[in-house]
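Inspection log for the structure reproduced underneath, given as structure tokens.
Rule-based calculations on the coordinates, nothing more; no lab input. Please read all numbers here as calculations on a predicted model, not as lab measurements. Every residue, glycine as well, gets a Cβ built from its backbone with ideal geometry; the counts of neighbours run over all protein chains shown.
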Protein chains: 2
Amino acid sequence: MSKEITSRAADYSQWYNDLIIKGELADYSAVRGCMVIRPYGYALWENMRDALDKMFKDTGHVNAYFPLFVPKSLFEAEEKNAEGFAKECAVVTHYRLKTDPNNKGKLMVDPEAKLEEELVIRPTSEAIIWNTYKDWIQSYRDLPLLINQWANVVRWEMRTRLFLRTAEFLWQEGHTAHATAEEALVETKKMLDVYATFAEEFMALPVIRGVKSASERFAGAEDTYCIEALMQDGKALQAGTSHFLGQNFAKAFDVKYLTKENKQEYVWATSWGVSTRLIGALVMAHSDDQGLILPPRIAPLQVVIVPIYKGEDQKKIVDAKVAEIMADLKRVGVRVKYDDSENQRPGWKFAEYEMKGVPVRLALGARDLEKNEIEVARRDTKEKKVVSLDGIAQYVDGLLLEIQEFMYNKAKAFRDENIRKADNWEEFVKLLDEKAGFISAHWDGTAETEDAIKDKTKATIRCIPNDNPAEDGVCVFSGKPSTQRVLFARAY
Amino acid sequence: MSKEITSRAADYSQWYNDLIIKGELADYSAVRGCMVIRPYGYALWENMRDALDKMFKDTGHVNAYFPLFVPKSLFEAEEKNAEGFAKECAVVTHYRLKTDPNNKGKLMVDPEAKLEEELVIRPTSEAIIWNTYKDWIQSYRDLPLLINQWANVVRWEMRTRLFLRTAEFLWQEGHTAHATAEEALVETKKMLDVYATFAEEFMALPVIRGVKSASERFAGAEDTYCIEALMQDGKALQAGTSHFLGQNFAKAFDVKYLTKENKQEYVWATSWGVSTRLIGALVMAHSDDQGLILPPRIAPLQVVIVPIYKGEDQKKIVDAKVAEIMADLKRVGVRVKYDDSENQRPGWKFAEYEMKGVPVRLALGARDLEKNEIEVARRDTKEKKVVSLDGIAQYVDGLLLEIQEFMYNKAKAFRDENIRKADNWEEFVKLLDEKAGFISAHWDGTAETEDAIKDKTKATIRCIPNDNPAEDGVCVFSGKPSTQRVLFARAY
């Protein structure tokens with residue numbers, strides 16, 4: 001089995017696909033635009049999901065599950081939302097197949113089983129959820145309602161990429177209802193902070209927190225907050241969004257509550273989500289030409305141990321010591337595997353676990369054992385070291401923390417280096433083409449200018465960062481006055 | 001808020017719906033046959049899912065995720081499977097909506113966006129998974145392949161019931177591939193045992209393990225093993241199935257492997273699943289006319305504490321003691337809530353938590369505190385006791401174990417009482433109508449007899465129990481010779 005990876009320099013996009021496929025995170029499927037998440041990729045997602053789920057619960061949210069289907073009449077109730085997603089909707093029109101009379105052994109859609117009303121497969125669940133909230137919310141005592149859902153959604157994208165943009169993807173979507181605008185806004189920002197903390201502390205992925213321009217808002221939102229990350233090719237990636245929905249859905253679905261003062265008021269809403277897309281961000285932010293590099297906190301496997309031996313006698317001695325080390329590592333909570341399979345040589349195994357991005361590799365040979373030593377290799381820096389076997393579990397546990405921190409700092413340094421100011425159009429275009437990254441530039445605040453810049457350069461406004469300083473200037477494109485810089489980039 | 005529940009005696013079916021709706025496990029939705037799983041019901045499902053997931057992983061399985069959609073041509077590849085599910089398939093035919101020119105603000109399916117090949121929403125995933133396994137399995141080294149998926153599936157049922165039979169439901173489906181028939185059969189039975197253990201130890205639900213008759217087999221299986229439970233109305237409920245699929249899917253999807261002897265052979269398969277239907281079984285097996293009764297091991301909330309006080313001074317003293325008790329209970333891993341909300345009186349709270357089936361209720365008043373005592377109420381037996389506050393956490397922890405065991409024993413005694421022998425048709429019909437439950441009777445082994453019995457009585461063969469003793473007799477219906485009794489029942 002040859003597992004050659006295209007280098008980033010040769011073809012960044014092919015490098016990415018190679019990592020996903022050969023690293024066994026995902027596979028193409030027989031369904032256009034849909035992927036199979038393989039066990040290794042799913043284990044990574046489970047670790048991410050569990051960490052996020054805990055953070056949601058710690059901030060007072062509970063999980064629930066709403067239908068996959070949205071009747072068309074509900075789907076179209078909030079017009080902006082419907083318009084925003086209409087072009088990407090998979091639609092169920094029939095509920096039965098039958099034997100094809102003209103084609104032995106084949107099935108056909110039964111024309112007699114046409115639905116009276118078509119069902120949209122949820123591209124997002126505001127419509128079906130707010131239609132339910134109408135029944136659950138009567139009085140201020142029912143608020144806030146803080147619900148999250150883990151689910152699959154479908155958006156029929158024309159150009160798909162493994163993890164980054166697939167027709168079906170897995171995600172979570174929080175949907176909350178509040179008595180006041182202020183409270184909803186606090187929630188919107190709180191969940192953005194949860195996402196940022198998760199990205200930085202678990203994924204080792206530094207992010208910029210900010211708010212989207214009007215054109216980049218979620219369809220149906222009053223404001224969309226986001227976290228933006230930078231990939232190694234200098235393109236930005238939106239890693240999570242948190243929307244302040246105002247009273248748009250409450251009005252569309254007539255969700256009112258009785259205030260303490262005995263008045264009927266529409267409730268205020270938020271929604272927020274992250275998806276399996278985060279795995280694409282993780283891969284592109286950290287990996288190298290030898291394969292994946294996964295941050296220890298979410299890596300499915302944190303440590304792999306490979307034995308080096310000749311003959312059964314040596315193997316037995318190594319096995320015995322490895323059993324001890326495994327037990328010690330498990331005791332401190334490390335996810336470890338002993339790969340003593342006989343199908344492959346150690347060199348092959350080294351390359352395989354490098355490909356899979358396992359943070360730490362231990363290689364233990366009979367000779368090391370005599371010297372009471374073991375070889376420790378870091379995936380991120382590729383540094384190898386021979387260390388004492390005494391206290392090896394504590395050493396490795398500490399090393400995992402060090403790697404987690406190192407990966408974050410490295411990604412942050414790269415990100416910080418790649419935020420550059422442009423003060424005129426020439427600079428803007430030159431920076432974009434030669435350096436990529438984020439470009440901090442003045443913008444006149446109009447959608448026209450934003451569209452024109454996007455048309456000419458494919459760069460979009462990624463966000464107006466939180467706590468953005470006021471600064472007088474002129475728009476790089478229109479020359480009109482501007483009060484602050486915003487961040488532009490080409491993006492995934 | 002009135003939360004009257006219909007009694008079992010008055011209307012068993014309405015009693016069941018009342019429990020689900022008023023116990024806030026689930027709600028009806030705007031989509032025909034689909035339900036909303038509410039936070040309380042979903043927390044119950046999470047506990048069930050986590051326990052099962054651990055058991056699957058402990059037996060060597062890994063999770064993965066396959067597409068929601070199955071292209072029609074793949075779906076029909078295994079003919080028996082396709083035929084079995086064709087009548088229940090939701091079908092996606094279009095991938096876009098557009099503005100309806102004749103209807104302002106409304107959307108319509110865009111006729112230009114018709115899919116070349118229709119997509120079936122998975123009613124089960126054998127087809128899409130085996131089409132993928134073809135690429136993953138080359139040699140004996142790739143076997144066994146032990147994969148599980150947690151997913152939503154859709155079966156367009158005409159008559160739906162909350163949890164028991166819904167158009168969309170949540171489940172897990174294991175799909176394994178093996179080198180030999182023997183190994184696949186061992187896996188089939190092993191997973192049936194996992195289900196039985198889960199049902200009995202976590203759900204306190206005694207089950208009978210057995211194998212289905214040919215007519216009741218999963219479409220595409222060589223053999224279907226099942227666990228069957230008994231509900232309080234004497235109807236049976238299939239709680240989980242594990243299928244030996246032989247080489248049917250391997251042949252349909254051309255999945256061969258290279259043996260150690262360098263030969264190409266088709267692989268052998270199993271699949272097995274349990275779903276949110278289990279929640280329906282749980283409710284119907286244990287609950288009473290006051291509400292749900294949930295087994296402690298999977299109850300979202302195991303203990304609720306209600307304060308009894310007059311005035312703020314008393315409340316403060318009670319609060320302080322409750323904080324201690326809560327900390328002690330959490331330390332021993334008990335899921336506990338303190339309900340000191342001021343909206344409702346203690347009596348209302350007692351009824352509410354009875355309705356919700358919380359296993360243990362503690363009521364602490366200022367006077368109890370003076371005596372260093374607390375009132376402990378069991379949900380299952382409704383027994384109340386005043387006990388010392390010293391070591392209360394250990395007492396409650398022990399009580400939860402006792403309740404779990406008591407619930408199982410009670411359900412088992414009921415089940416055992418309700419397995420009766422019938423030796424002729426008159427007895428069979430009489431028992432079925434007057435006592436319900438399982439009827440152990442001789443059957444001639446033919447599908448014709450099975451069908452005739454079903455037509456006449458609505459009773460089906462639930463299973464041929466594992467380790468069923470050989471016994472010569474005559475079929476209750478046809479009078480033909482029979483070598484063993486099988487279990488009949490009317491079923492959900």
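Quick one: if you take sqrt(5λ) for each eigenvalue of the C-alpha gyration tensor of the range A:12-286, what semi-axes come out, biggest first, whole angstrom?
Semi-axes, largest first: 31, 28, 15 Å.
Please give the calculated 222 nm ellipticity per residue for chain B, where each DSSP H segment of at least 4 residues contributes -39500 (n - 2.57) and the sum is spread over every residue; nearest 500 deg cm²/dmol?
Per the formula, -11000 deg cm²/dmol.
Considering every residue in B:81-92, what mean count of other chain Cβ atoms within 10 Å of its Cβ is obtained?
Averaged over the peptide's residues, the number is 6.
Sort shortest first the distances from B:THR259 to its counterpart in every other copy, using label points 7 Å along the Cα-to-beta-carbon line, and give them in nm.
Sorted ascending, the copy-to-copy spacings read 7.9 nm.
What percent of all Cα-Cα pairs in the range B:303-399 falls in each 5 Å bin, counting up from 0?
The calculated distribution, bin by bin, is 3, 13, 27, 27, 21, 9, 1.
Have a look at the DSSP beta bridges in the protein assembly as shown and tell me what percent are antiparallel, nearest 5.
Counting only bridges with both partners in the protein assembly as shown, antiparallel ones make up about 80 percent.
For the protein assembly as shown, what log10 I(q)/I(0) values come out of the Debye formula at q = 0.06, 0.07, 0.08 1/Å, with one point per alpha carbon and no solvent?
Those come out to -0.50, -0.69, -0.91, one per q.
Return a whole-number percent for the relative contact order of the range A:301-442, with Cα pairs under 8 Å and 6 or more residues apart as the contact set.
21 percent
Under the definition of Cα pairs under 8 Å and six or more residues apart, what whole-number percent is the relative contact order of chain B?
Relative contact order of chain B: 13 percent.
List the residues, sorted by chain then number, that are 5 or more residues from A:ARG462 or on another chain and whose placed amide H is less than 5 Å from its amide H.
Correct list: A:LEU487, A:PHE488, A:ALA489.
Please report how far the C-alpha centroid of the range B:70-127 lies from that of the range A:414-492, rounded to the nearest whole angstrom.
Going from one Cα centre to the other spans 43 Å.
With N denoting the number of residues in chain B, provide Rg(C-alpha) divided by 2.2 N^0.38 Å, to two decimal places.
1.12
Please compute the average number of Cβ atoms from other chains found within 10 Å of each residue's Cβ in peptide A:125-137.
2
So who's got an amide H within less than 5 Å of the one on B:ILE308, skipping anything under 5 residues away but keeping other chains? H placed 1.01 Å off N, in plane.
The answer is B:LEU364, B:GLY365, B:ALA366.
Ranked highest first by average number of other Cβ atoms within 10 Å, how do A:265-271, B:80-86 line up?
Put in order of decreasing packing, that is A:265-271, B:80-86.
Report, for A:ARG165, each distance to the same residue's label point in the other copies, shortest first and in nm; define the point 7 Å along Cα→Cβ.
From this label point to the equivalent ones elsewhere in the assembly: 4.4 nm.
List, shortest first and in nm to one decimal, how far the label point of B:ASP455 (7 Å from Cα along Cα→Cβ) is from its counterparts in the other copies.
Values, ascending and in nm: 7.3.
Would you list the P(r) distribution for the range B:86-210, with all Cα-Cα distances sorted into 10 Å bins from 0 and each bin expressed as a whole %?
Pair shares across the bins are 10, 24, 30, 20, 9, 5, 0.
With the cut-off at 1.5 for a/c, could you classify the range A:419-489 from its C-alpha gyration tensor as rounded, prolate or oblate?
The shape class here is rounded.
By how many nm would the segment from A:GLU417 to A:ALA9 lengthen if fully extended, with 0.36 nm per residue of separation less the alpha-carbon distance?
144.9 nm
Going highest first, how would you order B:95-101, A:87-93 by mean Cβ packing within 10 Å?
Packing proxy ranking, top to bottom: A:87-93, B:95-101.
Each residue of the range A:201-217 in turn: what ³J(HN,Hα) in whole Hz from Karplus with 6.51, -1.76, 1.60 and θ = phi - 60°, glycine and Pro shown as x?
7, 9, 8, 6, 10, x, 10, 9, 8, x, 10, 7, 6, 4, 5, 9, 5
Take each of the peptides A:123-129, B:133-139, average the number of other beta-carbon atoms within 10 Å over its residues, and list them starting from the highest.
Final packing ranking: A:123-129, B:133-139.
Using amide H atoms built in the peptide plane, which far-off residues or other-chain residues are under 5 Å from B:LEU115 H to H?
B:HIS94, B:TYR95
In whole Hz and in residue order, list the ³J(HN,Hα) couplings for the range B:14-22 that follow from phi through the Karplus curve 6.51 cos²θ - 1.76 cosθ + 1.60, θ = phi - 60°; x for Gly and Pro.
The phi angles translate into 5, 4, 4, 4, 4, 4, 5, 6, 6 Hz.
For peptide A:93-103, what's the mean number of Cβ atoms from other chains within 10 Å of each residue's Cβ?
Mean partner shielding for this stretch: 5.
Is the range B:346-387 rounded, prolate or oblate when judged by the Cα gyration tensor, a ≥ b ≥ c being the square roots of its eigenvalues, rounded requiring a/c under 1.5 and prolate requiring a/b larger than b/c?
oblate
Would you list A:ASP27, A:ASP455 from fewest to most Cβ contacts within 10 Å?
A:ASP455, A:ASP27
Do you know the Lys pair count in the range B:105-248 for C-alpha distances under 21 Å, with sequence separation 8 or more or different chains?
The result is 4.
Rounded if a/c is under 1.5, else prolate if a/b is larger than b/c, else oblate: which is the range B:10-125, with a ≥ b ≥ c the root eigenvalues of its Cα gyration tensor?
Note, shape of the range B:10-125 comes out oblate.
Output the relative contact order of the range A:25-131, whole-number percent, from Cα pairs under 8 angstrom with separation of 6+ residues.
26 percent
With the cut-off at 29 Å, tell me which of the pairs B:LYS384/B:LYS412; A:LYS385/A:LYS412; A:LYS260/B:LYS371 have Cα atoms farther apart than that.
Pairs exceeding 29 Å: A:LYS260/B:LYS371.
Output wanted: per-residue J couplings in Hz (rounded whole) for the range B:472-478, from phi through Karplus 6.51 cos²θ - 1.76 cosθ + 1.60, θ = phi - 60°, x for Gly and Pro.
Each residue's phi maps through the Karplus curve to give 6, x, 10, 4, 4, 9, 8 Hz.
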